[in-house]
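To start, the structure under review is shown below, and the notes come after it.
The values are calculated or read from the model by the stated rules, or taken from the named source; none is laboratory data. This structure is a prediction, so every number in the text was calculated from the model and none was measured. With ideal geometry, Cβ positions are generated from the backbone for all residues, glycine too; neighbour counts draw on all protein chains shown.
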Amino acid sequence: MPIPQQLKPSRQTSDTDYYEIVQSAAMATIIPGLRTPIWGYNGTFPGPTIVQNPGRTVVVSHRNDLPVPTVVHMHGGTTPHDSDGYPTDFILPDAKYGTFPEMPAMAGMPAMTDPEAIITRQTRDYTYPPQPRAGTLWYHDHRMDFTGASVYRGLAGFHITHDTEEQALGLPSGARDVPLMIADRAFAADGSFLYPALDPTMRSTPGVQDSYTNGVMGDVILVNGAPWPVMNVDTARYRFRILNASNARTYQLALQDASRQSVGFTQIGTDHGLLAAPLPQDAIQIAEAERYDVVIDFSRYKVGDQITMVNQIGSGSTAVVMRFVVSRATSDGSRVPSRLSTINAISPNSAMTRRTMKFHRGANDWTINGRLFDPAYSEADVPAGSTELWTIISDFRHPFHIHNATMQVISRDGQAPGPYDQGWKDTVFVNQGERVQLAIRFSTFKGRYVFHCHNLEHEDMGMMANFRIV
């Protein structure tokens, strides 16, 4: 199993690390014996991992060598609005590729322009201040109307943040702290990605073929860009940072040993960092863009044993994710302490502003509160640093994601949060017919941001809305 390369700074100052990334087309070996054209950060899929250490600012200079505009969103980040990756803040390609509308016309959505868009030609610097908590974040393309196609082609990578609290715990680290990007893909006979775009050039007509409007799912499960990989492990604890980078597939991950008995995880974190205490989990349901940090203790096994990560809601080729083979006996100085972090639970009160966001499927589109995305319309103006109580209502299955904010799940259909709702989150799965109540704490960075469904085809078809931090 490949491990994404950690990117090295191009230069450093007393408080800032500078990185350089080129977005480019490349060929990758994914299916044995075939070559797959990809779009990658530094020509790789996944892109290189950026590590942000405590108290450090990160500046990433992106150069777009692709034939279409791109936008970079650091998912889960606390960022100034001009570095967040607003979907019309294009990095335009080389002028030889011509001009591009900010919001092309699609079924049910007129072509629009965005006077507030911050557009650059070919290069852009994104500035990420020190992050408030250690966490498994990620960066991906966020271009208006074409996010699904861009991410499917490979524009995704990890951005891992650390803090002193986490570093003092003695959790598995180094080669035993492993990011796992899970993503399903379909392939044509020649090894190319099979994405049902209406316009494969991604120049003018957004959207997918009618039979894929619920979301694009593939029949090959990739982990770190490899199909159903095998990882050799020591008889030791490992920390796995699991990211669901699929466009539209939800997984229910579980571990099985050779007897097909369930083994279980120890969950230690979620989207925005560590939980208060370790949480045993028989399985983990992970929707698009969610992250779960887990520890697997392989010291209970002997050399030669095999443990398989399965997808309990998959079938056929999507029922298996990857396999671990215990190949080396070794000592292990890591630990999982009984207390990990301080999580102050938010209790709703009468002073909180309350809002309702209805996620609805229309005839040929996906709306929030009856509206398709409009860059000129703000669904909510929220005071900087405030906490509000939002109720998300869904008539389909939607992973709700909000930028530049963090949240706690208060209830599901009036009952207690579910088994995967603990800790601070930026993406929460809302099942068909559910009402999920969220306490959302907004950043002190002011400006225009978005929230949306992270089923990327739904997002591209209009299921996104503005909010402003004022």
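Of note:
- Hey, Asn364 part of a loop (DSSP other than H, G, I, E, B) and either among the small types (Gly, Ala, Ser) or over 17 Å from Glu288 (Cα atoms) (or both) or not: yes
- Flag for Thr44 being of a type in the set (S, T, N, Q), in contact with a Lys or Arg (Cβ under 6 Å, 6 or more places away or on another chain) and more than 22 Å from Asp426 (Cα to Cα): no
- Any hit, segment 17-26, residues being crowded, with 18+ Cβ neighbours inside 10 Å, assigned to a loop (DSSP other than H, G, I, E, B) and not charged (D, E, K, R): no
- Screening Ser262 on (1) surrounded by fewer than 19 Cβ atoms within 10 Å (Cβ to Cβ); (2) in contact (Cβ under 8 Å) with a residue 60 or more places away in the chain; (3) under 27 Å from Asp332 (Cβ atoms) shows it passes everything except condition (2).
- Some residue of segment 398-413 being closer than 21 Å to Thr78 by Cβ, of a type outside the set (D, E, K, R) and assigned to a loop (DSSP other than H, G, I, E, B): yes
- The residues of segment 108-142 that are closer than 26 Å to Ala95 by Cβ, touching a helix residue (DSSP H, G or I) at 6+ places or on another chain (Cβ under 6 Å) and surrounded by 15 or more Cβ atoms within 10 Å (Cβ to Cβ), listed by number, are Tyr126, His140, Asp141.
- Taken together, the criteria exclude Ala351 from residues that are in contact (Cβ under 8 Å) with a residue 24 or more places away in the chain and at negative phi.
- For segment 370-380, the tally of residues that are surrounded by 14 or more Cβ atoms within 10 Å (Cβ to Cβ) and farther than 19 Å from Ala439 by Cβ stands at 6.
- Here Asp293 fulfils each of the conditions (1) touching a residue at least 40 places away in the same chain (Cβ under 8 Å); (2) touching a strand residue (DSSP E or B) at 6+ places or on another chain (Cβ under 7 Å); (3) in a loop (DSSP other than H, G, I, E, B); (4) not β-branched (Val, Ile, Thr) apart from (3).
- Residue that is among the aromatic types (Phe, Trp, Tyr), farther than 22 Å from Phe445 by Cα and outside the structural domain of Gln285 (by TED's automatic domain parsing), where the choices are Phe373, Phe400: Phe373
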